[in-house]
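Before any comments, here is the structure.
The values are calculated or read from the model by the stated rules, or taken from the named source; none is laboratory data. Note that this is a predicted model, so its numbers are computed, not measured. We place every Cβ from the backbone using ideal geometry, glycine too, and count neighbours over all the protein chains shown. These area figures cover heavy atoms from the full protein model, side chains too; ligands, DNA and RNA do not enter into them. Shrake-Rupley method; radii C 1.70, N 1.55, O 1.52, S 1.80 Å.
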Amino acid sequence: MDKLLLGKIRLNLMEKLTGLRKIKTAVFISGSGSNLKNLIIFSKIKKSPISISLIVSNTYKAKGLKYANQYKIKKKLFNFNDIKNSEKKILSLLKREKISFICLAGFMKILSKNFIKKFDGNIINIHPSLLPKYRGLNTHQRAMSNKESFAGCTVHCVTEKLDSGNIIMQKKIKITSKDNLTSLAKKVLKEEHRLYPAAIIKFLS
Ligand code: GRF
């Protein structure tokens with residue numbers, strides 16, 4: 001890991017432990033933002049190690065952007081048409097905003113090797129499956145077609161290989177005979193909202 005960044009993280013952790021400041025965090029989204037909303041609420045409680053000071057999206061269509069207005073958090077859009085250029089701009093924004101931790105929450109763009117390297121070890125993601133099973137999209141559909149007995153969700157570190165970094169926490173969820181795609185997706189999302197804050201506490205302590 002970049003020594004400067006590691007130093008900053010240690011400093012932030014010290015500040016957190018002495019109660020002086022929370023770790024400045026950005027959340028990246030592309031969709032409805034239920035995890036974002038949940039993380040914002042979590043960030044406001046005393047035991048939360050993070051404060052959310054930036055929301056990044058690749059599309060103005062992300063419904064979750066409304067939470068930026070609702071909770072008065074800075075938001076920025078980057079279209080990722082030119083990935084290199086967008087990432088360069090995001091990196092300088094993160095630097096300006098002194099952000100040292102990134103939570104991906106339904107962010108539908110794949111970050112480059114270079115970007116991940118710059119934030120080495122400090123980007124985490126939530127994925128709606130029991131990784132390493134069902135990386136990528138349509139996880140519930142694939143789990144159901146394969147007649148799995150369990151679905152789940154995973155919070156993991158982001159590496160250059162999609163949905164493959166170290167697992168921080170995972171929650172198993174039973175698929176019952178009554179479940180369909182909608183009910184399963186709802187059950188899993190509800191558990192994601194419990195899992196993500198717990199995983200952040202685990203990861204940062
Ligand atoms: C979640 O299921 C998350 O695991 C996946 O994308 C979905 C985002 O949902 N990566 P939301 O936008 O947080 O409601």
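On inspection, I116 fails the criterion of being among the hydrophobic types (A, V, I, L, M, F, W, C), over 30 Å from L181 (Cβ atoms), away from the ligand (no atom under 16 Å from the Cβ) and free of Cβ contacts under 8 Å to residues at least 40 places away in the same chain. Of the strands (runs of 3 or more DSSP E) entirely within the stretch 119-199, those holding at least 2 residues that are more than 27 Å from K88 (Cα to Cα), at pLDDT 95 or above and open to solvent by 60 Å² or more (accessible area, probe 1.4 Å) occupy 167-174.
Summed over the stretch 27-50, residues that are part of a strand (DSSP E or B) and away from the ligand (no atom under 15 Å from the Cβ) total 1.
Count, please, the residues in the stretch 34-81 that happen to be open to solvent by less than 10 Å² (accessible area, probe 1.4 Å) and in contact (Cβ under 8 Å) with a residue 60 or more places away in the chain. The qualifying residues number 5.
Residues in the stretch 51-87 that are away from the ligand (no atom under 16 Å from the Cβ), in a strand (DSSP E or B) and charged (D, E, K, R): 2 in all.
Within the stretch 88-105, the set of residues being closer than 16 Å to T25 by Cα and either open to solvent by 30 Å² or more (accessible area, probe 1.4 Å) or assigned to a helix (DSSP H, G or I) (or both) comprises I90, L91, S92, L93, L94, K95, R96, E97, K98. When the stretch 132-149 is filtered for residues that are over 18 Å from H193 (Cβ atoms), within 16 Å of the ligand (Cβ to nearest atom) and not charged (D, E, K, R), the ones remaining, listed by number, are P132, Y134, G136, L137, N138, Q141, A143, M144.
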